[in-house]
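Engineer: Sharing a structure here in structure tokens format.
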Amino acid sequence: MSRLVLRNVKTVTEDVFDLTIAEGAITSLDKPGSGVGEHVIDFKESVYMSSGWIDMHVHAFKEFSPYGDDIDEIGYKLGATTIVDAGSTGADRIDDLVAAGRQAKTNLLAFCNISRIGLERIDELTDKAWLDESVLVQKVQDHQDTIVGLKARISRSVVGEQGIKPLDVARRFSEKTQLPLMVHIGSGPPDIREVLERLQSRDIITHYLNGKANNLFDDSGQPLPAFLAAIDRGVHLDVGHGNASFSFDVADQAKLAGIPFHTISTDIYRKNRLEGPVYSLASVLSKFIALGYSLTEVIAAVTTSAATWLGRPELGRIEAGDAANLTLFSLEDKPLTLVDSEGAERLTQQQINVKGVVVNGEYVEL
Ligand SMILES: [Zn+2]
């Protein structure tokens with residue numbers, strides 16, 4: 001048995017420890033300097049370690065364009081040991097997504113698009129012929145280990161003349177499969193209030209900090225009453241930054257109003273990874289540092305909070321016996337100008353940078 005010791009790493013609360021890994025699992029957590037193994041990497045307290053980051057909104061089916069990318073390019077190489085594909089594929093192609101996930105190092109979970117064609121076209125809810133309950137139910141059964149929810153993109157260019165109807169269909173599919181919905185919001189119609197009133201506990205609103213006209217805040221920057229009511233019902237708020245869905249001004253409004261974020265995610269795909277404004281999960285996390293949130297709050301949004309929603313607590317903790325999925329990162333005092341989806345800039349004095357990961361027991365320096 002070959003044991004790897006990651007020596008003198010620290011938690012976000014500055015507790016220093018050694019962590020030992022063998023055969024893919026965490027075998028022990030020890031006092032700094034006391035871990036025993038054949039291979040030792042001493043980080044000398046220069047890096048933080050958290051459970052492996054979880055990116056709740058990505059596009060990981062590389063055959064589709066524009067919303068597609070390679071699983072490992074947007075997964076472990078960017079510090080996310082688990083990524084959740086946000087409905088890139090529907091029933092027609094989810095077999096292929098799952099098969100690609102098995103070839104990748106990164107752990108892959110997925111929301112299945114309620115439209116059987118998924119993002120093969122980006123107006124996937126304009127024709128109700130693509131909303132097929134029986135094929136969806138079959139695929140949900142086939143891929144119970146991968147599918148964590150259903151995805152419905154409810155904005156004007158996606159639904160066309162169908163308006164709010166696809167969300168009512170999604171609700172029905174949700175009851176039938178017992179899976180929650182991740183609902184993408186954006187330009188109307190449908191009006192955002194029609195969307196909000198249909199959401200239930202455990203459903204996810206993704207893109208909740210978007211700066212479009214049909215967003216969750218009124219003209220004076222106050223959260224809509226229907227938005228507050230949805231939060232009270234237990235609706236989960238996910239960032240889903242993307243090309244067009246994250247505004248620093250709206251994020252300020254949310255912070256002022258005391259609206260929490262539950263998960264911070266990227267909505268990453270090839271173009272917004274290479275050309276921005278997303279670039280990486282670490283870059284999106286740095287934006288929340290720039291907004292004034294603590295490192296502890298920011299990291300919880302990609303670890304414990306995501307793991308809790310997924311019902312997989314082991315993905316959000318560091319404990320002996322669990323599969324070893326870990327992210328090593330730094331918070332560096334180095335100014336950086338960050339850009340949101342509206343082209344607005346913010347200067348941060350501190351940036352988060354990924355230094356390495358352990359993905360299913362394998363250490364990779366980054
Ligand atoms: Zn997306």
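The values are calculated or read from the model by the stated rules, or taken from the named source; none is laboratory data. The shown structure was predicted, so the numbers you read here are calculated from the model rather than taken from an experiment. As a convention, Cβ positions derive from the backbone with ideal geometry for all residues, glycine included, and neighbour counts pool all protein chains shown. Accessible surface areas use protein heavy atoms only, side chains included; no ligands, DNA or RNA. Shrake-Rupley method; radii C 1.70, N 1.55, O 1.52, S 1.80 Å.
Engineer: So, in the stretch 98-123, how many residues would count as being of a type outside the set (V, I, T) and more than 23 Å from G186 (Cβ to Cβ)?
Structural biologist: Of the residues in the stretch 98-123, 10 are of a type outside the set (V, I, T) and more than 23 Å from G186 (Cβ to Cβ).
Engineer: Quick one: is L281 within 16 Å of the ligand (Cβ to nearest atom) and out of contact with any Lys or Arg (no Cβ under 7 Å at 6 or more places or on another chain)?
Structural biologist: yes
Engineer: Which numbered condition in (1) open to solvent by less than 30 Å² (accessible area, probe 1.4 Å); (2) polar (S, T, N, Q); (3) within 19 Å of V58 (Cβ to Cβ) is the only one that S330 fails?
Structural biologist: (3)
Engineer: Can you name every residue in the stretch 1-42 that is open to solvent by less than 30 Å² (accessible area, probe 1.4 Å) and in a loop (DSSP other than H, G, I, E, B)?
Structural biologist: G24, G35, G37
Engineer: Restricting the stretch 22-68 to residues that are without any contact (Cβ under 8 Å) to a residue 60 or more places away in the chain and within 24 Å of I352 (Cα to Cα), which is farthest from the chain's Cα centre (by Cα)?
Structural biologist: P32
Engineer: Please tell me if Y76 is open to solvent by 20 Å² or more (accessible area, probe 1.4 Å), among the aromatic types (F, W, Y) and more than 16 Å from the ligand (Cβ to nearest atom).
Structural biologist: The answer is yes for Y76.
Engineer: Any idea which of (1) closer than 21 Å to V135 by Cβ; (2) open to solvent by 50 Å² or more (accessible area, probe 1.4 Å); (3) of a type outside the set (V, I, T) is the one K62 doesn't satisfy?
Structural biologist: (1) is the only condition that K62 fails.
Engineer: Are any of the residues in the stretch 107-118 open to solvent by 20 Å² or more (accessible area, probe 1.4 Å), modelled with pLDDT of 95 or more and of a type in the set (A, V, I, L, M)?
Structural biologist: Scanning the stretch 107-118, I find at least one residue that is open to solvent by 20 Å² or more (accessible area, probe 1.4 Å), modelled with pLDDT of 95 or more and of a type in the set (A, V, I, L, M), so the answer is yes.
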